[in-house]
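The values are calculated or read from the model by the stated rules, or taken from the named source; none is laboratory data. Computed from a predicted structure; not experimentally measured. Here the Cβ positions follow ideal geometry from the backbone for every residue, glycine too, while neighbour counts run over all protein chains shown.
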Amino acid sequence: MSEAPRIIEFPEIGNSILGYIAVAENNNLPFEVKRIYWTYFTPENVERGGHAHRKLEQVLVAVAGTIRIKLEMNDGQRSEFILSKPDHGLYIPRMVWRTIKYSHNAVQLCIASTEYAEQDYIRDYETFMKTA
Ligand code: TYD
């Protein structure tokens, strides 16, 4: 069975008086980082995602706001995560169908294991269910 999505707790430095720093680096991530991008200003009525990736692994972080992520593996396992803590990340392995909604103030950081490649996307749900 392939690896399951899971929450990663990043080391947090600081305190409520001075503020905090959370750190992601190759030795506390499940893969070697190749790319980092972020999404923001997504309207609350928009659902994003609606795809899976053949190879890409990701860690998503809600550095601000709240992100609701629904996941499905093609063996039928489903899970749902709400990210709202800036020191938490959600590890999404390869071959996981995701749909994502954002609070108005959400900024989503994505730490990615590969460079951008359109051919890595599976955007058709039936194809996803049939792909090993
Ligand atoms: P997509 O990954 O589908 O976004 P989301 O899962 O948030 O809905 O990407 C949206 C569009 O942006 C899509 O046409 C591909 C493009 N894109 C790039 O050109 N480069 C990138 O690094 C990313 C992540 C997306």
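For this structure, a couple of remarks:
- Failed item in (1) under 12 Å from the mean Cα position of the chain (by Cα); (2) within 12 Å of the ligand (Cβ to nearest atom); (3) surrounded by 12 or more Cβ atoms within 10 Å (Cβ to Cβ); (4) part of a strand (DSSP E or B), with Lys70 passing the rest: (2)
- Taken over segment 73-122, residues that are away from the ligand (no atom under 11 Å from the Cβ) and outside any strand (DSSP E or B) amount to 17.
- Considering residues of segment 40-63 that are within 11 Å of the chain's Cα centre (by Cα) and part of a strand (DSSP E or B) only, the residue nearest to the ligand (Cβ to nearest atom): Gly49
- Extreme residue, farthest from Ser84 (Cα to Cα), among residues of segment 1-39 that are among the small types (Gly, Ala, Ser) and not in a strand (DSSP E or B): Ser2
- Given (1) under 26 Å from Glu115 (Cα atoms); (2) exposed (fewer than 11 other Cβ atoms within 10 Å of the Cβ), number of the condition Val59 does not satisfy: (2)
Rundown of residues vs (1) surrounded by 18 or more Cβ atoms within 10 Å (Cβ to Cβ); (2) more than 26 Å from Ser16 (Cα to Cα), yes/no style:
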residue	(1), (2)
Glu32	no, yes
Tyr37	no, yes
His51	no, yes
Leu90	yes, no
Arg98	yes, yes
Asp124	no, yes
Phe128	yes, yes
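- Residue within segment 7-30 that is within 16 Å of the ligand (Cβ to nearest atom), surrounded by 12 or more Cβ atoms within 10 Å (Cβ to Cβ) and modelled with pLDDT of 95 or more present: no
- Failed criterion for Asn74 (all others in (1) in contact with a helix residue (DSSP H, G or I) (Cβ under 8 Å, 6 or more places away or on another chain); (2) in contact (Cβ under 8 Å) with a residue 60 or more places away in the chain hold): (2)
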